[in-house]
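The values are calculated or read from the model by the stated rules, or taken from the named source; none is laboratory data. Since this is a predicted model, take the numbers as computed values, not measurements. Counting neighbours? That spans all protein chains shown, and the Cβs are built from the backbone with ideal geometry, glycine included. Ligands, DNA and RNA are stripped out before the accessible areas are found, and what is left, the full protein with its side chains, is counted by its heavy atoms. Shrake-Rupley method; radii C 1.70, N 1.55, O 1.52, S 1.80 Å.
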Amino acid sequence: MNTDKRQHPRLSLKGVHANITISNALSEDSIHLEGDMVDMSYSGIRIKLLSEMPQNLPASNVKIVLTLPNSDISCTIKGAIRHINNNAEVGLHYRDYHKEDDVDAFMFECVKHIDTPTHHII
């Protein structure tokens, strides 16, 4: 039985690098983090951070720049932090910040770069 209640299917692709900038609306300070995409959908993304998430971060004003391996194609997404787990993974929601069309091109590029198994005919 599938208990996943997500509206949109998740796409996983190894090697997608993420640069994350979290801006503080009350000051000009920004926090910069790096990580790798675990999975993404049309409404959100999960990123495994390369370092620990600092405490007391603002939940909104998050900008993520994703870069595909090999092609260096990039996509910039704005969103809000939804959750942080003990494995240094952060879940970001961007559905309310972008139309689905804004993410379509990058998702299409991701699908093109997924490794598919090769079948050999004997």
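A cut-off of 5 Å between modelled amide H atoms, ignoring neighbours fewer than 5 places along the same chain, links Gly44 with Tyr94.
Placing a label point 7 Å from the Cα of Asn19 along the Cα-to-Cβ direction, the residues of region 58-79 with a backbone N closer than 20 Å are 61-79.
What are the GluC sites (Glu not before Pro) within region 10-72 that DSSP puts in a loop, where the Cβ has at most 10 other Cβ atoms within 10 Å? Kindly include the intermediate steps, with their values, before the conclusion.
Working: sites: Glu28, Glu34, Glu52; in loops: Glu28, Glu52.
Those that pass, being in a loop and sparsely packed, are Glu28, Glu52.
Largest accessible area first, the listed residues Arg46, Arg82 line up as Arg82, Arg46 when surface is computed with a 1.4 Å probe on the assembled protein chains.
Here Met53 sits with roughly 20 square angstrom of accessible surface, probe radius 1.4 Å.
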